[in-house]
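Values in this text are rule-based calculations from the coordinates and carry no lab data. Values in this document were obtained by computation on a predicted structure and should not be read as measured data. Quick reminder, even Gly has a Cβ in these numbers, built from the backbone with ideal geometry, and neighbours come from all protein chains shown.
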Amino acid sequence: MKFDIISPNQALRCPLLDKINHKTKPLGALGMLELVALQIGLIQQSLMPQLLNPTMLVFAGDHGVVESGVSPYPQAVTAQMVLNFLQGGAAINVFSTQNNMRLCVIDSGVNYNFQPNCALIDAKIAAGTRNFTREAAMTLGQCERAILGGAAIVDAEIATGCNVFGFGEMGIGNTSSASCLMSVLCGLPIEQCVGRGTGLDDAGLAHKTNILGQAIAHHGLNNSDAMQVLATFGGFEIAMMVGAMLQAAVKQCTLLIDGFISTAALLIAAKLQPDILHYCVFTHCSDESGHKKMLDYLNVKPLLNIDLRLGEGTGAALAYPLVLAAVNFLNQMASFESASVSQKV
């Protein structure tokens, strides 16, 4: 696997800043929108960037670690929620429709045999991962297949004219997977990475923390081999998301990163190709306790902080209008000169 991500050429930075700074507003008055406008202008190497055919990719997969009691919900909920996505009944359906985003639901490794459905992309690697408290969640071969599968899905969407992707997920047990990935790759104690997921009480949180701590000790990995860490603790939906993110950055698209799980996938991608960060807009800070620490580790600032913790890509979909606003003000807002408005003396 080879993902050659090019850091955006900075030659256009000064012309973009000049254009932003000469809009009819005080310097910096549009705050983070100005940074997003600059970022997308550099990504597209254009003073007039365009967001085309925005697409939300929701990857679903099951996790063997659920059998160790780390989630208050049964594994069957993953498949049930995928069916809810396909029927249009989930939050991500509502928010994607509201913001004119195409929604693609991908079966990366759900422990369920779905009937053929034109609304579902069948990219199943296996019927869920193994329980990583005892053995690696997947083989390196399965991990590579998932990454390449995610890249292929992005290529197919780019062929339709898409240049901006949101990334979401569904998988009972995947906060456990993300917590372990974060702990090992960021070098943080598991206690700083684990949250309540889908609603654990205090006893459930303590049990989850203990189980994940034992699993990390059992495998004895460090952060020197991100692929091995991903294969050991990841989920098929997370691995597929890694490949999708990497390929989207290779093709110089804008990446809208959702919450805790999606950022864990981005963390893996950034370990493999650090230049991917130039292409990422971090849409919100999740209420899942480890997410802020992960964002701090990546040294990035999210657009929103509204106590979301649903996943599914909902934060990315909700933040998309702000990203669109950043591009629109850059393209459509008058300059002092064009509006005959006096500048600060």
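Taking the average, over residues, of other Cβ atoms within 10 Å as the packing measure, peptides 248-259, 3-14 rank 248-259, 3-14 from highest down.
Rg ratio for the chain: its Cα radius of gyration over 2.2 N^0.38 Å, N being its residue count, equals 1.00.
Placing a pseudo-label 7 Å from each Cα along the Cα-to-Cβ vector at residue 198 and residue 119 gives an inter-label distance of 2.0 nm.
Taking a straight Cα-Cα cut-off under 20 Å and skipping sequence neighbours fewer than 8 places away in the same chain, the lysines within cross-link reach of residue 25 are 344.
Hydrodynamic analysis of region 273-321 uses the Kirkwood radius over alpha carbon pairs. Inserted into Stokes-Einstein at 37 °C and 0.692 mPa s, it gives a translational diffusion coefficient of 290 µm²/s. For region 66-113, the alpha-carbon radius of gyration amounts to 1.34 times the rule-of-thumb value 2.2 N^0.38 Å expected for a compact globular protein. Here region 1-41 has an Rg and Dmax of 13.3, 47 Å, counting Cα atoms alone.
Over the C-alpha trace of region 138-257, radius of gyration and Dmax come out as 15.8, 49 angstrom.
The calculated FRET efficiency for residue 32 paired with residue 98, based on their beta-carbon distance and R0 = 30 Å, is about 0.90.
Residue ranges 45-53, 70-78 sort as 70-78, 45-53 when ordered by packing (mean number of other C-beta atoms within 10 Å per residue, highest first). With both labels modelled 7 Å from their Cα along Cα-to-Cβ, the residue 148 to residue 206 distance reads 4.7 nm. Okay, helix-only estimate at 222 nm for the chain: each DSSP H run of n ≥ 4 adds -39500 (n - 2.57), divide by all residues, round to 500 deg cm²/dmol; what do you get? Theoretical 222 nm ellipticity from helices: -14500 deg cm²/dmol. Straight-line cross-link reach from residue 293 at under 17 Å between alpha-carbon atoms covers these lysines, not counting any fewer than eight positions away in the same chain: 271, 301.
Taking every DSSP bridge with both residues inside the chain, close to 5 percent are antiparallel.
Protection proxy ranking for 326-332, 265-271, 148-154, 185-191, using the average of other Cβ atoms within 10 Å per residue and placing the highest first: 265-271, 148-154, 326-332, 185-191.
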